[in-house]
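Laboratory data are not the source of any read-out in this text; all were calculated from the coordinates shown. Note that the coordinates shown come from a computational prediction; the quantities given were computed from them, not determined experimentally. Note that we place each Cβ from the backbone using ideal geometry, even for glycine, and neighbour counts take in every protein chain shown.
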Amino acid sequence: METIRVLLVDDEAPAREELKYLLRSYTDLSVEGEAADGLAALEAFRSLKPEVVFLDIQIPGIQGIDLAATLSQMAEPPLIVFVTAFDSYAVRAFELNALDYLLKPIAEDRFAATVRRIRETRMDRAGKYQDYLKGLRSLVQGYSASCEDSSDNSSETNSGYPLSDYLTIYKDGRYCPLHFKKIACLKAEGGATRVFSEAGEYLIYRPLQEFEEILPNGTFFQAHRSYIVNLCFIQHIDLWINGALQMELRHVGEKIPVSRAKTKELKRRMNMQ
């Protein structure tokens, strides 16, 4: 049986020992590392590349939910099992949106159910794993939105730019703000989106549909159900088959199809005869 790499994240050593004790009964799960705070956990994840993270919700440094948000943007997000000592209304939300949650002290039968869910989700990459990612991102995005609403209702940053003018991308251990005007194209790739920009290419684990609502309509145009383009980056528009069009954009290494349903709108937007 293939080994599943595990990372334990909890600021309390006895809690980590409890998890290790429970995991001893499952020979296919191997504890590769431990961390007592969010920053150490992030470093451990980068070096160990675990497939599963048991994550305490309340830890020093980066809070557990914030760490989960960061991990959810990785190229291969791990399966995250939240661990909490607080039996409150919030637990229901974690149960609905996370892979699983465990309430301390952890019952052995409850832990066995978690292991079964880990194995099933890991094996079904096209189905259950994708559902898990969708739920996880929904959870962390909802948490972030509630924090922003309660702490700051301002619509502008200190520089005067509206917050919606930027897409912040996590790559190589850092957050990179990318202004919308520097984005050339967004392409759907399964449940993720590939972003082509002046700064390079990025793969973001959010569906293309989410960007339809936040990109400025005056600049961006949905040429096809799988492509949203920045009209400012168009180099050429060519006739294609059956009356459709295709276009070439700067910083995009492929031709972008324009569906026949979108051809008339593109010609109007670009003042084409």
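Figures for the structure shown
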read-out: When the range 233-273 is reduced to its Cα atoms, the Kirkwood hydrodynamic radius in Å; value: 10.5 Å
read-out: Two-decimal Rg to Rh for the range 165-269 - Kirkwood Rh, Cα set; value: 0.96
read-out: Extension gain from His251 to Cys232, taking 0.36 nm per residue of separation minus the Cα-Cα distance; value: 5.7 nm
read-out: Length added when fully stretched, Leu103-Tyr21, from 0.36 nm per residue minus Cα-Cα; value: 27.9 nm
read-out: Distance in nm between pseudo-label sites at Asp165 and Asp28 (7 Å out along the Cβ direction from Cα); value: 5.2 nm
read-out: Extended-chain gain in nm, criterion 0.36 nm per residue less alpha-carbon gap, Lys128 and Ala244; value: 38.1 nm
read-out: Low-density loop positions, GluC sites (Glu not before Pro), the range 167-228 - DSSP coil, at most 10 other Cβ in 10 Å; value: Glu213
read-out: Sites matching GluC sites (Glu not before Pro) across the range 1-91 that sit in DSSP coil, with at most 14 neighbouring C-beta atoms within 10 Å; value: Glu2, Glu12
read-out: Hypothetical label at Glu76: residues of the range 5-48 whose amide nitrogen lies under 19 Å (7 Å Cα-Cβ projection); value: 5-8, 28-34, 42-48
read-out: Candidate lysines - alpha carbon under 27 Å from Lys128, same-chain residues fewer than 8 apart omitted; value: Lys20, Lys49, Lys104, Lys171, Lys187
